[in-house]
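J.: One structure, pasted below without further comment.
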Ligand code: GLN
Ligand code: ZN
């Protein structure tokens, strides 16, 4: 008998109910009890929905008020000292966001990306003398809630090794030494769940898809040998990639079952089957938990058949990973193109697909109609004229080395750019956006709603641009920007103007806490029907003699922040995006814009979990960037901007982008993040951010001079640009004015020192 189960369900609700409840709670508009009952209502609804899809086992513990890693830290009693020892909701929100409902500020836990997803978790903190003890009762309570509804819960725990791996600790201390103190708490949790009547526990160890040091690999045997004595069955869940060299080790761990991701890593199946014993349960992740496409059920059934030839034990079917990373319900989308909608599946639809798969295995005749409908949707999508654009494909076919190569090497370009732009040393600029005032948002909103005419909209936007230009001239900045008032989001703005993109009405995905993003869907060949930014940049340039910098989002970031089509390699979609952006770059140049910045905020995010696959990604990502930046004259200056600053391990690729200028975030690390550039002897110009835009504090001229001196000593003052860490759209004009005035003054002080 084949069983179906789920690894986790989106928890905010199809209308983002939990988001709004949390925000009301934080504002003090509702109390703890009200928040609690909204949360309980959502859990029930989501369980019911999963039960209605015929799941044999329903996950519990995947619900969270903020983050499941934080929940785990609390459960283990790993609460950093500064938060005190109470484990109530106030402590929880202090750890999550630096503030509970009383408004007293705390230093929140650090937040970072969950593997290669766009979800962020709160980083656990451990000390060398860390003690653990079972705290709170969330997982037990939730299991009991579901049992009360008459269903079999499968509690989901983040495994001890993954939790420890993600934890932050003082350097010089081996956190793996804490494992022996941690395991008894896991043992206690498992025994309590068993006593409560739980049969299966899903224990997530996604680090098994990473490159692991030898000691960590060994620790898996040690840990699971110890947990073996607990009277529950453990389903060890791995996802986001391949077990690779850990396959044999993982298959032999003394657990009752193993889940593998066959969407991200179908090739691992052979190695798993080679090592897997028939007395265990094998759970196949066949439905894509990371993307929104309808599953090719025939292909999934073929995989099941392959497995069945060799594996005689109990088989479970599941999504590849938790469904946290996809929107809740496609039925909600009443405005989607009816030709495209049948190609899609959100969380709910994915569970239905699981149900059909099971039926097709157990009672093939009963599943015929459903399978036929699925096959039709898959075929229609593949053959649809909507996704294929012959002009785009002709463009791709012509891609050769020359398209990704500037006319001359950097030193030649630098000389030409210096002659043309005549900038002072330590040139000052900003990263693109200026404060998004309520008036700006209102104008965009009214235009979108059709309440104001296009002419009115353009007039108001031009007014804002004029204002930004005057402000920058008054501040004495050297390279100006138009301010990006017309954009609410750096991906959406471009996606809405490109062919091949689709936007949902309710396709929200949790990014962190109560924050959601609504990624666009790239469903077809991407092309640019008309210029996207030229009118604004051109207008801005017409107002000033200073050089105006055009602002674009790069192909890799557009790709990494969207749901991407799965019927061709990601690199192909990246090249299509690159060709579209290239046209925009060339049009900006033609319209008289001398400097063009191509933002690649998400460049690093696309790195695969395994280092052995990094180079392949970096090769095509770099190429995509170069395709869009290389169509211009040597005298046109290309900038790029990246917010994150861990460059050490990818600095060679960053250099290969060959942008004339790169601006990065460095102020909070006291320029230490420049180390990668120094060690590598990075050849082109650099703008290390001199102040943190996340804070409303106005930095002093002295602070910034000091930072620039450090930077100058490290990379050479002739290469330096002077700019903030990132865009200013979240700030207020008052602090922006003060900060930029001091920044411009800092540049003057340094120029004077040069003599
Ligand atoms: N140009 C964008 C801005 O200034 C860059 C934003 C980003 O890198 N996240 O807002
Ligand atoms: Zn940035």
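The values are calculated or read from the model by the stated rules, or taken from the named source; none is laboratory data. Here the structure is a predicted model, which means the values were calculated and not measured. Every residue, glycine among them, receives a Cβ derived from its backbone with ideal geometry; neighbour counts consider all protein chains shown.
J.: Is it the case, given these coordinates, that residue 459 is in a helix (DSSP H, G or I) and crowded, with 18+ Cβ neighbours inside 10 Å? Please lay out each step first, then the result.
T.: Numbers: in a helix (DSSP H, G or I): yes; crowded, with 18+ Cβ neighbours inside 10 Å: no.
Judged against the criteria, residue 459 is not a match.
J.: Identify all residues within region 330-347 that are crowded, with 16+ Cβ neighbours inside 10 Å and in a loop (DSSP other than H, G, I, E, B); write none if there are none.
T.: Scanning region 330-347 gives 333, 336, 340, 345, 346.
J.: Moving on. Going residue by residue through region 701-708, is there one that turns out to be over 15 Å from residue 475 (Cα atoms), in contact with a strand residue (DSSP E or B) (Cβ under 7 Å, 6 or more places away or on another chain), in contact (Cβ under 8 Å) with a residue 12 or more places away in the chain and in a helix (DSSP H, G or I)? Can you show your working first?
T.: First, the residues of region 701-708 that are over 15 Å from residue 475 (Cα atoms): 702-708.
Those still in the list that are in contact with a strand residue (DSSP E or B) (Cβ under 7 Å, 6 or more places away or on another chain) too: 708.
Going one step further and asking which of them are in contact (Cβ under 8 Å) with a residue 12 or more places away in the chain, we end up with 708.
Pick out the ones that are also in a helix (DSSP H, G or I) and you get 708.
The answer is yes; a qualifying residue exists.
J.: Name the pairs whose Cβ atoms lie under 8 Å apart, with the first residue in region 632-649 and farther than 23 Å from residue 411 by Cα and in contact (Cβ under 8 Å) with a residue 60 or more places away in the chain, the second outside any strand (DSSP E or B) and within 14 Å of ligand 1 (Cβ to nearest atom), and 6 or more positions between them or separate chains?
T.: 643/601; 643/665; 643/725; 643/726
Residues are listed down the side, and each one gets a yes or a no for (1) surrounded by 21 or more Cβ atoms within 10 Å (Cβ to Cβ); (2) closer than 26 Å to residue 537 by Cβ; (3) within 16 Å of ligand 2 (Cβ to nearest atom):
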{"residue": "563", "(1), (2), (3)": "yes, no, no"}
{"residue": "586", "(1), (2), (3)": "no, yes, no"}
{"residue": "590", "(1), (2), (3)": "no, yes, no"}
{"residue": "600", "(1), (2), (3)": "yes, yes, yes"}
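J.: Something else about it: Among the residues in region 507-514, are any touching a strand residue (DSSP E or B) at 6+ places or on another chain (Cβ under 7 Å), touching a residue at least 60 places away in the same chain (Cβ under 8 Å), more than 16 Å from ligand 2 (Cβ to nearest atom) and more than 30 Å from residue 63 (Cα to Cα)?
T.: Looking through region 507-514, none of the residues is touching a strand residue (DSSP E or B) at 6+ places or on another chain (Cβ under 7 Å), touching a residue at least 60 places away in the same chain (Cβ under 8 Å), more than 16 Å from ligand 2 (Cβ to nearest atom) and more than 30 Å from residue 63 (Cα to Cα).
J.: Need pairs with beta-carbon distance below 6 Å; first residue under 20 Å from residue 666 (Cβ atoms) and in contact (Cβ under 8 Å) with a residue 60 or more places away in the chain and within region 723-750, second in a helix (DSSP H, G or I) and within 16 Å of ligand 2 (Cβ to nearest atom); sequence gap 6+ or separate chains.
T.: 725/667; 728/736
J.: List the pairs whose first member sits in region 663-683 and is farther than 20 Å from residue 727 by Cα, whose second member is assigned to a loop (DSSP other than H, G, I, E, B) and away from ligand 1 (no atom under 16 Å from the Cβ), and whose Cβ atoms are under 8 Å apart, counting only residues at least 6 apart or on separate chains?
T.: Between residues of region 663-683 that are farther than 20 Å from residue 727 by Cα and residues that are assigned to a loop (DSSP other than H, G, I, E, B) and away from ligand 1 (no atom under 16 Å from the Cβ), the close pairs are 676/682.
J.: Restricting attention to region 419-472, which residues are more than 16 Å from ligand 1 (Cβ to nearest atom) and closer than 20 Å to residue 690 by Cα?
T.: 423, 424, 425, 426, 427
J.: Please work out if residue 489 is in a loop (DSSP other than H, G, I, E, B) and within 16 Å of ligand 2 (Cβ to nearest atom). Let's see the steps before the verdict.
T.: Working: in a loop (DSSP other than H, G, I, E, B): yes; within 16 Å of ligand 2 (Cβ to nearest atom): yes.
Against the criterion (in a loop (DSSP other than H, G, I, E, B) and within 16 Å of ligand 2 (Cβ to nearest atom)), residue 489 qualifies.
J.: Go through region 668-691 and count every residue that is modelled with pLDDT under 90 and within 23 Å of the chain's Cα centre (by Cα).
T.: So the answer is 3.
J.: From 740, 750, grab the single residue that is assigned to a helix (DSSP H, G or I), surrounded by fewer than 23 Cβ atoms within 10 Å (Cβ to Cβ) and in contact with a helix residue (DSSP H, G or I) (Cβ under 7 Å, 6 or more places away or on another chain).
T.: Values: 740 fails: surrounded by fewer than 23 Cβ atoms within 10 Å (Cβ to Cβ).
Just a single option satisfies the conditions, and that option is 750.
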